[in-house]
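Visitor: Have a look at this one.
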Amino acid sequence: MSVTLSRFAQTLNVETAFTVLAVAKMLKSQGKDVVELEIGDSPFESTKSAKSAGEQAIRDNQSHYCPSPGLPAFRAEAARFVQEEFGIPATADNVVVGPGAKVFQQFFCEAFLNAGDGVLVFSPHFPTFIPNIERRGARPVLTPLTQANDFRPDPRAIEQFLKTDAKPRAIFLNSPHNPTGGVATEEDLKEIADLVRGRDIAVFSDEPYCHMVWKGRHRSLLEQPGMLDQCVAAYTFSKSYSMSGWRLGFCVTSRDIADAIGKMINTTLSCVPPIVQLAGMAALQRDTSERDEVMQRFQAKVERLANGLQQIPGIKTIDPQATFYVFPNVAAICNRIGITSHGLALYLLEGADDKFGVACLGGECFGEAGAGFLRFSCAEPDERIQQAIDFLPVAFAREDRVQAFLSQHPKFKLTQTYPLPR
Ligand SMILES: Cc1ncc(COP(=O)(O)O)c(C=O)c1O
C-alpha cells in the first residue's frame, strides 16, 4: 500500500518560474535559441568581497555549527546596514539570519498564524505567500493591485480588511513588488502603519528589491514608529549582491519576535553556514559601490525592456519604478488571438518559432489578478533583450502557429476576454 500525502502536500502550488526554467533549459539542450526572461535571478557575478571572504572562511575552517539566529558579527553588521541605509532603528538583537528571504514567509506564518486566521495579500502576489499561509491552516484574503494605481498597495483595502474580516490577523506587503515593479510610497506606508499600530495585527514586509528603486530611495514600513514591534521585514543577498545560490538573507523585527524566529531556525535548519554569513558580511562592509554600479546596469536594462515593449501595439506598461521586472498588460493581444496570458508566454517559448523562443511568465502565475499580463525579468545581456523585443510582434502575427499551439494545448484557449486597460 502506498502512503497518503497530506492534503497540504497534495495541493501545494509552487513557483511556476522554476517550471518554465526547466522547459527553457530542456529546449536549449535540444538546440533551440532561447532568451531567458522567466526567472528573477541576477545575470551578474556575486560581488568581489563576498567571493574572497567566502574563500577565506573556507580556508579558516569556518565550517562548523554557529548560533541559530546568526553570527553575532553578522547580526551587528546587518543592523548597521538597515539603520544607515533605510533609517530602521535596529540593533543586532533585532536581526535573524536565514538561507535567503523566502524562508521567513514560513517562519512569520508559524510565529503568528492559527487555523482560520485571515491574512491580507495584495495580488498579483509572490506565489509562495499563499502556500505558507495555508501551511498553517490560515486563510489568504486577496485584494487587487491595479495598473491604474501603479500597482501600489491601497491602504483603504487594509482598512476594509480590518473592519470586515471575521479574524484579521496579518498582512503581507511586498515593496518594491514582484511581479509588477510597483512601489509603496512613504505616504502609503505611513497610512498603513497608522492603521495597524497598536492592534494585534502582524505585518510581513518582503523587501528583496530594496536596492532596485529607480526613483528616490527604498522606504521600509519598519521606518515608521512602532513598526519594529509588529512587523517582520525580510531582506536578501540574492538580488543586491547577485548571491542567489549562496542562500543568504535576514529578517529584522522586535527582539521577542527575533527570539521566536531564532527558535524556528534552531528546530529546522540549526543555523546558516558561517562561511556564507562571513561572505555576506564582507559584501555589506565593502561591496556597496560595486552593488550600486550593478543596480544601475539593471535599471538601464529595465528601461530598455519597458520602452521596447511599450512600442508594440496592444501592450501597455507603467514607467519602470523598481525591480528588474516588467509587467505589461497584454489583454488586447490575448483577446485578439484567443489565448490566455500564460498560454501566450508558453507560445512565445515553444510554439512561435522552431529555432528561437522567449521565456517569460503569464501574470496568472502570480494569482488570478495577474491574468492578462506577462512578466519579463531582465536577466539577459542587452542585445538578447533587444532580440526578444523584436521577436514579439513577429510571433503575435503568426496566427497559423498560434492556432497550431492552441490545438495542441486547448487549456490555453481564452474562454472569456480580459478587460482592456484604460
Ligand atoms: C518577492 C520575493 N520574495 C522572496 C524572494 C526569495 O528570495 P531569496 O532568494 O532571498 O529566498 C523573491 C525572489 O525572487 C521575491 O521576488
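Visitor: Is it fair to say Gly245 is in contact with a Phe, Trp or Tyr (Cβ under 8 Å, 6 or more places away or on another chain), assigned to a helix (DSSP H, G or I), within 15 Å of the ligand (Cβ to nearest atom) and farther than 20 Å from Phe108 by Cα? I'd like the intermediate steps shown before the answer.
Guide: Numbers: in contact with a Phe, Trp or Tyr (Cβ under 8 Å, 6 or more places away or on another chain): no; assigned to a helix (DSSP H, G or I): yes; within 15 Å of the ligand (Cβ to nearest atom): yes; farther than 20 Å from Phe108 by Cα: yes.
Considered against the rule, which asks whether it is in contact with a Phe, Trp or Tyr (Cβ under 8 Å, 6 or more places away or on another chain), assigned to a helix (DSSP H, G or I), within 15 Å of the ligand (Cβ to nearest atom) and farther than 20 Å from Phe108 by Cα, Gly245 comes out as no.
Visitor: Check the stretch 395-410 and report whether any residue there is over 16 Å from Leu348 (Cα atoms) and surrounded by 15 or more Cβ atoms within 10 Å (Cβ to Cβ).
Guide: There is no residue in the stretch 395-410 that is over 16 Å from Leu348 (Cα atoms) and surrounded by 15 or more Cβ atoms within 10 Å (Cβ to Cβ).
Visitor: A follow-up question, please. For Glu303, state whether it is in contact (Cβ under 8 Å) with a residue 12 or more places away in the chain and at negative phi. Please lay out each step first, then the result.
Guide: Numbers: in contact (Cβ under 8 Å) with a residue 12 or more places away in the chain: yes; at negative phi: yes.
Yes.
Visitor: On to the next question. Whether any residue in the stretch 258-274 is among the acidic types (Asp, Glu) and within 21 Å of Asn94 (Cβ to Cβ) is what I want to check.
Guide: yes
Results for (1) closer than 30 Å to Val14 by Cα; (2) away from the ligand (no atom under 16 Å from the Cβ); (3) not polar (S, T, N, Q), shown as yes or no for each residue.
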site: Pro67; (1), (2), (3): no, yes, yes
site: Leu71; (1), (2), (3): no, yes, yes
site: Glu77; (1), (2), (3): no, yes, yes
site: Arg80; (1), (2), (3): no, yes, yes
site: Glu84; (1), (2), (3): no, yes, yes
site: Thr91; (1), (2), (3): no, yes, no
site: Val96; (1), (2), (3): yes, no, yes
site: Gly100; (1), (2), (3): yes, no, yes
site: Phe108; (1), (2), (3): yes, no, yes
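Visitor: Condition first: away from the ligand (no atom under 16 Å from the Cβ), assigned to a strand (DSSP E or B) and in contact (Cβ under 8 Å) with a residue 60 or more places away in the chain. Can you find one or more residues in the stretch 194-214 that meet it?
Guide: First, pick out the residues of the stretch 194-214 that are away from the ligand (no atom under 16 Å from the Cβ): 194-202, 214.
Now drop any that are not assigned to a strand (DSSP E or B), which leaves 202.
Still in the list and also in contact (Cβ under 8 Å) with a residue 60 or more places away in the chain: 202.
For the stretch 194-214, residues away from the ligand (no atom under 16 Å from the Cβ), assigned to a strand (DSSP E or B) and in contact (Cβ under 8 Å) with a residue 60 or more places away in the chain: present.
Let's see how each residue does on (1) part of a strand (DSSP E or B); (2) within 27 Å of Ala78 (Cα to Cα); (3) more than 21 Å from the chain's Cα centre (by Cα):
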position: Gln160; (1), (2), (3): no, no, yes
position: His177; (1), (2), (3): no, yes, no
position: Gly182; (1), (2), (3): no, yes, no
position: Leu189; (1), (2), (3): no, yes, no
position: Leu222; (1), (2), (3): no, yes, no
position: Ala234; (1), (2), (3): yes, yes, no
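Visitor: Continuing with this model, one more query. Only one of Ala283, Ala260 is assigned to a helix (DSSP H, G or I), within 14 Å of the ligand (Cβ to nearest atom) and at pLDDT 95 or above; which? Show your work before the answer.
Guide: On the way: Ala260 fails: within 14 Å of the ligand (Cβ to nearest atom).
After applying the criteria, what remains is Ala283.
Visitor: State all residues of the stretch 366-377 that are crowded, with 24+ Cβ neighbours inside 10 Å, in contact (Cβ under 8 Å) with a residue 60 or more places away in the chain and not aromatic (Phe, Trp, Tyr); if no residue qualifies, say none. Let's see the steps before the verdict.
Guide: First, pick out the residues of the stretch 366-377 that are crowded, with 24+ Cβ neighbours inside 10 Å: 366, 370, 372-377.
Next, from what is left, pick out any that are in contact (Cβ under 8 Å) with a residue 60 or more places away in the chain: 366, 370, 373, 375-377.
Correct list: Gly370, Arg375, Ser377.
Visitor: Mind listing whichever residues of the stretch 28-71 are of a type in the set (S, T, N, Q), over 23 Å from Phe298 (Cα atoms) and outside any helix (DSSP H, G or I)? Please lay out each step first, then the result.
Guide: Initial filter on the stretch 28-71 (of a type in the set (S, T, N, Q)): 29-30, 42, 46-47, 49, 52, 56, 61-63, 68.
Filter once more, so that each one left must be over 23 Å from Phe298 (Cα atoms): 29-30, 52, 56, 61-63, 68.
Scanning the stretch 28-71 gives Gln30, Asn61, Gln62, Ser63, Ser68.
Visitor: So for the stretch 377-385 (the condition being outside the structural domain of Thr143 (by TED's automatic domain parsing) and over 29 Å from Thr128 (Cβ atoms)), does at least one residue qualify? I'd like the intermediate steps shown before the answer.
Guide: Step one: filter the stretch 377-385 for residues outside the structural domain of Thr143 (by TED's automatic domain parsing), giving 377-385.
If we keep only those that are over 29 Å from Thr128 (Cβ atoms) as well, we get 382-383.
Yes, the stretch 377-385 contains a residue that is outside the structural domain of Thr143 (by TED's automatic domain parsing) and over 29 Å from Thr128 (Cβ atoms).
Visitor: Return a yes/no flag: does the stretch 94-114 have any residue that is touching a helix residue (DSSP H, G or I) at 6+ places or on another chain (Cβ under 9 Å), closer than 17 Å to His218 by Cβ and touching a residue at least 40 places away in the same chain (Cβ under 8 Å).
Guide: No, every residue in the stretch 94-114 fails to be touching a helix residue (DSSP H, G or I) at 6+ places or on another chain (Cβ under 9 Å), closer than 17 Å to His218 by Cβ and touching a residue at least 40 places away in the same chain (Cβ under 8 Å).
Visitor: Output the residue which, of all residues in the stretch 1-28 that are of a type in the set (Gly, Ala, Ser) and closer than 30 Å to Lys355 by Cα, is surrounded by the fewest Cβ atoms within 10 Å (Cβ to Cβ).
Guide: If we filter the stretch 1-28 for residues that are of a type in the set (Gly, Ala, Ser), which is where we start, we get 2, 6, 9, 17, 22, 24.
Subset that is closer than 30 Å to Lys355 by Cα: 17, 22, 24.
Numbers: Ala17: 22, Ala22: 10, Ala24: 23.
Per the stated criteria, the residue is Ala22.
Visitor: Kindly indicate which of Asp259, Asp319 is of a type outside the set (S, T, N, Q) and in the same structural domain as Leu348 (by TED's automatic domain parsing).
Guide: Working: Asp259 fails: in the same structural domain as Leu348 (by TED's automatic domain parsing).
Of Asp259, Asp319, the one residue that is of a type outside the set (S, T, N, Q) and in the same structural domain as Leu348 (by TED's automatic domain parsing) is Asp319.
Visitor: Please go through (1) more than 15 Å from the ligand (Cβ to nearest atom); (2) at pLDDT 95 or above for Cys251 and return the number of the only condition it doesn't satisfy.
Guide: Only one criterion in (1) more than 15 Å from the ligand (Cβ to nearest atom); (2) at pLDDT 95 or above is unmet by Cys251, namely (1).
Visitor: Applying the selection to the stretch 314-358, what residues are assigned to a loop (DSSP other than H, G, I, E, B) and not β-branched (Val, Ile, Thr)? Write out each step before concluding.
Guide: Here is the first cut: in the stretch 314-358, the residues assigned to a loop (DSSP other than H, G, I, E, B) are 314-315, 317-321, 323-324, 327-328, 330, 338, 340, 352-355.
Hits for the stretch 314-358 are Gly314, Asp319, Pro320, Gln321, Phe324, Phe327, Pro328, Gly338, Ala352, Asp353, Asp354, Lys355.
Visitor: Now, a different point. Restricting attention to the stretch 140-156, and to residues there that are within 21 Å of the chain's Cα centre (by Cα) and free of Cβ contacts under 8 Å to residues at least 40 places away in the same chain, which single residue is farthest from Asp188 (Cα to Cα)?
Guide: Once the filter is applied, the top-ranked residue is Pro140.
Visitor: Being closer than 16 Å to Val358 by Cβ and in a helix (DSSP H, G or I) is the filter here, so list the residues in the stretch 296-313 that pass it.
Guide: Lys301, Arg304, Leu305, Ala306, Gly308, Leu309 - these are the residues of the stretch 296-313 that are closer than 16 Å to Val358 by Cβ and in a helix (DSSP H, G or I).
Visitor: Filter the stretch 158-172 for residues that are of a type outside the set (Lys, Arg) and buried (at least 17 other Cβ atoms within 10 Å of the Cβ); which is nearest to the ligand (Cβ to nearest atom)? Full working, then the answer.
Guide: Our first condition is that a residue be of a type outside the set (Lys, Arg); within the stretch 158-172, this holds for 158-162, 164-166, 168, 170-172.
The next check asks that each one be buried (at least 17 other Cβ atoms within 10 Å of the Cβ); those that pass are 158, 161, 168, 170-172.
Details: Ile158: 19, Phe161: 20, Pro168: 22, Ala170: 16, Ile171: 15, Phe172: 10 Å.
It comes out as Phe172.
Visitor: Is there any pair linking a residue in the stretch 38-51 that is within 15 Å of the ligand (Cβ to nearest atom) to one that is of a type in the set (Asp, Glu), with Cβ under 7 Å and at least six apart or on different chains, and which?
Guide: Within 7 Å, the pairs are Pro43/Glu380; Ala50/Asp287.
Visitor: Within the stretch 86-110, can you find the residues that are under 21 Å from the mean Cα position of the chain (by Cα), crowded, with 19+ Cβ neighbours inside 10 Å and in a helix (DSSP H, G or I)?
Guide: Phe86, Val103, Phe104, Gln105, Phe107, Phe108, Cys109
The values are calculated or read from the model by the stated rules, or taken from the named source; none is laboratory data. All of these numbers come straight from a predicted model, not from anything done at the bench. Every residue, glycine as well, gets a Cβ built from its backbone with ideal geometry; the counts of neighbours run over all protein chains shown.
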